[in-house]
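The values are calculated or read from the model by the stated rules, or taken from the named source; none is laboratory data. Computed from a predicted structure; not experimentally measured. Counting neighbours? That spans all protein chains shown, and the Cβs are built from the backbone with ideal geometry, glycine included. Just so you know, the surface numbers come from the protein's heavy atoms only, side chains and all, with ligands and any DNA or RNA stripped out. Shrake-Rupley method; radii C 1.70, N 1.55, O 1.52, S 1.80 Å.
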Amino acid sequence: MSRKTMTRRRLIRICVTLAFALAAFPAPAEYADVVLNKRSEKEGVRPVVFSHWFHRIRFRCKVCHFELGFKMRAGANDVLMADIIDGKFCGMCHNNNIAWGADRCDLCHSGRPGLKSGIYGGHQTLGPGRW
Amino acid sequence: MLSRALRLIAMLLLIADAVLAAEVVRRWAPLAQDGVHDPKSPALKLLQEPREALSALPPVAGGNQVDWVQAIEQGRINPRTNIFPETRVRLLESDVLLNLRGSTPIVRFPHRPHTLWLDCGNCHEHLFKSRAGANKLSMDAMLQGEQCGVCHGAVSFPLTECNRCHSVPRAKPAQGKAR
């Protein structure tokens, strides 16, 4: 390969990479982040963001989806704040025992206003058959 | 003066190119720019950035860019298996080969990595009957978020990573229980 074509290839690669970098903006959510916003925003608080990557470093799926009974479908768990304070759903851990408690509103209610409930992160392959 | 500046720019571009060409660079969006967190939320100063935790774990393409199976097998993480002491933690080692009559490489379904993370009850019997060959699987259904696609494409590595599932070449007669 001549030097000229090599330089040209390198230039093309840089352009392509830059194009991708630009196309990727705004950057997507981390894979498997879940937004819960059935009631939050209507009730005047930010939507809730639940991160799988953070929790799965600490708990296997079976803890939440088998022992604690979270259904494996975004939106399928009808979570009420009163239940959480009663020790259900997130409150099974966020009880000042396994993790910090339900009084730390902002840590859970940290979502961007206007988001729909559902799974985020870019690679999801949801289709019409699902719904 | 000008030529020095030009040389500097060229050098920076070359360094950037070398880094990008290596193609092993993993990038995670900062929370403030990830599109789901409110950049104005006071929590952003307290929440952990994905890069901080995930860059220390074994790399793989797609999803969180972490090989979550190896992360456990290598002892890098040891997530809790149960909260209630009476819960039975079940592990199964057997593999099942799927898609024996197709054209793509055979799919090896390994129980070990799945049961490291999941309980039998997460799959049996509502997603898959626990009998080799008893399920009618289809790539199409998976792409719609059914069958393997309940998890793969949502939380576990995405369906774009074809050869992590289609991992057994057809030429060799493979071992294991067939369907």
Quiz item: Out of all the residues in region B:156-165, is one or more at the interface with chain A (Cβ under 8 Å from one of its Cβ atoms), open to solvent by less than 30 Å² (accessible area, probe 1.4 Å) and in contact (Cβ under 8 Å) with a residue 24 or more places away in the chain?
Solution: yes
Quiz item: Which of the residues spanning region B:124-144 are within 11 Å of chain A (Cβ to nearest Cβ), open to solvent by 60 Å² or more (accessible area, probe 1.4 Å) and at pLDDT 95 or above?
Solution: B:H126
Practice problem: Keeping to region B:57-74, report how many residues are within 10 Å of another protein chain (Cβ to nearest Cβ) and outside any strand (DSSP E or B). | Solution: 8
Quiz item: Do we find a residue being under 23 Å from B:R27 (Cα atoms) and either assigned by TED's automatic domain parsing to the domain that holds B:G35 or assigned to a loop (DSSP other than H, G, I, E, B) (or both) anywhere in region B:75-85?
Solution: yes
Practice problem: Restrict the check to region A:122-131 and report whether at least one residue is modelled with pLDDT of 95 or more and of a type in the set (F, W, Y). | Solution: no
Exercise. State the number of residues belonging to region B:100-122 that are of a type in the set (S, T, Y) and under 22 Å from B:R170 (Cβ atoms).
Key: 2
Quiz prompt | Neighbours by Cβ (under 9 Å, 6+ apart or cross-chain): first from region B:72-90, farther than 19 Å from B:N122 by Cβ; second open to solvent by 80 Å² or more (accessible area, probe 1.4 Å) | solution = B:I77/A:R58
Exercise. Take B:V89 and decide whether it is more than 19 Å from the chain's Cα centre (by Cα) and of a type in the set (V, I, T).
Key: yes
Exercise. Examine region A:69-79 for a residue that is aromatic (F, W, Y), assigned to a helix (DSSP H, G or I) and modelled with pLDDT of 95 or more, and state whether such a residue exists.
Key: no
Exercise. Starting from residues that are crowded, with 19+ Cβ neighbours inside 10 Å and among the polar types (S, T, N, Q), keep the ones in region B:98-123 and report whichever is farthest from the other protein chains (Cβ to nearest Cβ).
Key: B:N99
